[in-house]
Structure formats: C-alpha cells, structure tokens
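The values are calculated or read from the model by the stated rules, or taken from the named source; none is laboratory data. Quick caveat: nothing in here was measured; it's all calculated off a predicted structure. Here the Cβ is made from the backbone with ideal geometry for all residues, glycine too, and neighbour counts use every protein chain on show. Remember, those area values only see protein heavy atoms, side chains included, never the ligands or the DNA or RNA. Shrake-Rupley method; radii C 1.70, N 1.55, O 1.52, S 1.80 Å.
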Amino acid sequence: MRVSTAHTYDKAIESLQKRQTELADSQSQLTSGKKVNVPSDDPIAAARAERALATIARSDANQRALEASRNVMQIAESSMADAVDLIQSARESIVSAGNASFTDAERKSVAKKLQEIRTQLLTVANRADGGGGFVFGGQGADTAPFIDAPGGVQFIGQGGETLAAAGEQMNLTVDGQNVWLKASSGNGVFVSDASATNTGTGWINSGSVTNPQANPYLTGLSNAQYDIDFQVSGGATTYTVNGGPATPYVSGQAIVFDGMSVSIKGAPANGDKFTVNPSQKNLSVFDALDSAIQALGASNLNNGQISQAVNKGIANMDAVLSTMQGARSGVGETLNRMDGTENRISATKLAAQTERSNAEDLDMTDAISSFQAKQSGYDAALKSYSMVQKMSLFQYLNS
C-alpha cells in the first residue's frame, strides 16, 4: 500500500494537535489543582461535586440560622433568670407584709416596692434581641410586644414562635404570651378565695388535691364550682359546702370534699362565703402583682383580710414563678440541643466537602507523572514530525 506524503503530514499534524491539547489540559489541571474544571471533563464527577456544593451551601445557611437562634435563646435565658430573681424578690416582700406588727404605712411601702418590681419586669418582657426584634415577640412584633394599658399589661404581638428556615427547629423568638400571661391560677387545679363582701377575719388557703380520681377538675368536670357558706348562731359557727349538711367550724381544720382539701382560719362572720373554682391558664405575672399591690395598699384591713391578701399573693407568685422556671428550663434544653445540632451540621458539611474533593480534586503525584509523560510524548511527536519533513520529494531533489 502506498502512503502519500500529504497524508503522512496530516496524520503527523493531527497527532501533534492531539498531544498538544492533552498537554494543555494536563497543565490546566495542575494549575487549578482540580481534575474537573468544566463539566465536560467528567460529567458524572461534575454532578457529584455540584450536589456536594449545594449541601455545603445549605450547611452554611443552617449554621447562620443556628447562630442567630443561639443568640436569641441566650438573651431569653438571661431575661428569664432576671425575671425569676424579681419574682422571688416580690414573693419575699409579700411574705414580709404578713407580719402582724406591720402598720398600714409599712404595707403600703411593700406595695410601692412591688410596683418597682413590676416596672422592671415589664422592661425585661420587652427586651430586644439585638437584631431589631424582641425576644418575647411571639410570631412577630414591630414594637414592644407588652404595653401597660389601663386594664393591665397586654400582649400586642402575635402568639407563637418564629422559627428559622432550617432543617431543624431553631427559635428566633419565644412565645411571650404563654411565658408572661398564661400561668395556671390557684394551685394549678383549683382556685380558692374569699368573697369581697366578707366581714369576718376568716381566710382560706390555696388548698390541695387529696384524691385525683374523685376530683372533678381532674376527671373532666372542669366547670364545677363550690361555695362554702358560714352561719353564726348562738355563738356556734357552722358551714355548708354547696348547700350540704351544716358542719361545725374549727379554725385551721381541713375541709375535705370531692378529692380536695382547703383550710380556713380565723373567725368568719355570719354570711361570709368562700369559693372554690377551677384553675385557668390566664394568670399574668403583672396581674398577680397588681392584685397584691392593690390589696397591700388598702387601709384599715382586719387580720383576716391581710392574711387572705398575703396568702393569695404568695400563691400567685408561686404560680407565675413555676411557669417562668418551666419556660427557662425549656430554653435551656433548646440551648443544649443546639450543641448537637451544630455537630450534625458540621458533620454534614465535612461529608459534603469530602465528597466534593473526591469528585473534583486532583491527585498531584499522578498528575505530575502524567504531565511529564505527555510532555515527553509531545516532544517525541515534534521530533518525529521534523524527521518526516525531510522525507519530502522536493527535499530529495534539492539534495
């Protein structure tokens, strides 16, 4: 078979161009440190790298959301710690007001102290998150979520929580309405109180549950109400519960009915009444303080009225304190959970970075060896071409 000189030249040039392209690609890989510089280099590896890059971007976004949530939760935990201290201080002040030797002026001084505590608590409830929002703003509030209105402090935000758009729950706010305004009244099951029209010195404690199975509030009859009515006749004091049989009254002796127990002390007057109603989740921190401030700021109270005001105030402080401490514990658990979340985000990002590296990063040792081999091949092809050129018929005739 005859091979023409032109065909030999074409094949030699084609080989040179191919080797030059391979050498340039190899050099480009060495320069970038990646074996996939454009998708056409390796479509499958490029797709793997792209998916890994998207995972890395999501991990970075989740990390930013986590940091924002952690900042808010740390402020919330600190705020609740401040609130717990203030509520405990208020409770101690109410307890001190029960001192039998206190005058009206001294009790009014306690009421003023409670008013100052209330002011501080309102400031804590409206604490900013440092990013233009409010820690206890619920699902969003452009202004301070709690306002001091004539009827008491009101929540003007929207109840609930704002969450970051991330793979796991990350709070950007706390439901301030539940934390500050939704404690369970009374002892958490029922509320005992004295009628405002009572004239005697009797007062009732917050009571307790003695038999949960017999208690109407724990078995579905949440609307049951009880009246404890007193009759004084001929020096004998008796009481009835919801019109039941008259029972001799003994100060401090437990009055047990329907799985509940309350104790009334002092000397109730004829016609005095005490009530027991179901507990409701509507006790506000501020309403609890307002009630104590109003009661302790009154003048000419008898011993029973003072004891009732102090006992009710303590019960209310215990209720709101319990709710605040529970909310604080929840925030603490959220902060603890964030450590695990951060570890998972870091692990996901590291796995994605490893996958991206495996898909597109260059093995420098192999790449350098390959480049040197291709360079030698290119040099040999150039030398071969130069020798082929000398085989031209014109070159032969010239010689």
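Considering (1) over 21 Å from the mean Cα position of the chain (by Cα); (2) modelled with pLDDT of 65 or more; (3) more than 30 Å from S346 (Cα to Cα); (4) surrounded by 13 or more Cβ atoms within 10 Å (Cβ to Cβ), the lone condition that T21 does not fulfil carries the number (4).
Any idea which of K108, K113 is open to solvent by 70 Å² or more (accessible area, probe 1.4 Å), assigned to a helix (DSSP H, G or I), within 20 Å of I87 (Cα to Cα) and touching a residue at least 60 places away in the same chain (Cβ under 8 Å)?
Numbers: K113 fails: touching a residue at least 60 places away in the same chain (Cβ under 8 Å).
Step by step, each of K108, K113 is checked, and only K108 is open to solvent by 70 Å² or more (accessible area, probe 1.4 Å), assigned to a helix (DSSP H, G or I), within 20 Å of I87 (Cα to Cα) and touching a residue at least 60 places away in the same chain (Cβ under 8 Å).
Against the conditions (1) buried (at least 19 other Cβ atoms within 10 Å of the Cβ); (2) under 19 Å from D318 (Cα atoms), S208 satisfies every one except (1). Here I228 fulfils each of the conditions (1) assigned to a loop (DSSP other than H, G, I, E, B); (2) in contact with a Ser or Thr (Cβ under 8 Å, 6 or more places away or on another chain) apart from (1). Taking segment 38-52 as the range and being in a helix (DSSP H, G or I) and either surrounded by fewer than 16 Cβ atoms within 10 Å (Cβ to Cβ) or of a type in the set (F, W, Y) (or both) as the test, the residues that pass are P39, S40, D41, P43, I44, A47, E50, R51. Scanning segment 231-268 for residues that are small (G, A, S) and in a strand (DSSP E or B) returns S233, A236, A254, S261, S263.
Scanning segment 289-338 for residues being open to solvent by 30 Å² or more (accessible area, probe 1.4 Å) and under 30 Å from Q74 (Cβ atoms) gives a total of 12.
For segment 244-266, a residue qualifies if it is touching a residue at least 60 places away in the same chain (Cβ under 8 Å) and open to solvent by 60 Å² or more (accessible area, probe 1.4 Å), and exactly one does: K265. Please enumerate the residues belonging to segment 271-288 that are crowded, with 24+ Cβ neighbours inside 10 Å and either part of a helix (DSSP H, G or I) or basic (K, R) (or both). The answer is V285, A288.
Looking at this structure, is S299 touching a residue at least 60 places away in the same chain (Cβ under 8 Å), in contact with an Asp or Glu (Cβ under 7 Å, 6 or more places away or on another chain) and not in a strand (DSSP E or B)?
Yes; evaluated as a whole, the condition is true for this residue.
Of all residues in segment 61-99, which are over 21 Å from the mean Cα position of the chain (by Cα), part of a helix (DSSP H, G or I) and not hydroxyl-bearing (S, T, Y)?
Matches in segment 61-99: L86, I87, Q88, A90, R91, E92, I94, V95, A97.
Do we find that G200 is in contact with a helix residue (DSSP H, G or I) (Cβ under 8 Å, 6 or more places away or on another chain) and open to solvent by less than 20 Å² (accessible area, probe 1.4 Å) in this structure? Yes; evaluated as a whole, the condition is true for this residue.
The residue that is least open to solvent (accessible area, probe 1.4 Å), among those in segment 124-148 that are on the phi > 0 side of the Ramachandran plot and modelled with pLDDT of 80 or more, is G138. Looking at V285, is it in contact (Cβ under 8 Å) with a residue 40 or more places away in the chain, closer than 20 Å to Q253 by Cα and β-branched (V, I, T)? No, not satisfied. The set of residues from segment 149-176 being free of Cβ contacts under 8 Å to residues at least 60 places away in the same chain, surrounded by fewer than 21 Cβ atoms within 10 Å (Cβ to Cβ), in contact with a Phe, Trp or Tyr (Cβ under 8 Å, 6 or more places away or on another chain) and not in a loop (DSSP other than H, G, I, E, B) comprises just one member, Q154.
Condition first: without any contact (Cβ under 8 Å) to a residue 24 or more places away in the chain and surrounded by 12 or more Cβ atoms within 10 Å (Cβ to Cβ). Now tell me which residues in segment 218-243 satisfy that.
Start the filter on segment 218-243 by keeping residues that are without any contact (Cβ under 8 Å) to a residue 24 or more places away in the chain, which leaves 219-221, 234-236, 238, 240-243.
Hits for segment 218-243 are T219, T238, T240, V241, N242.
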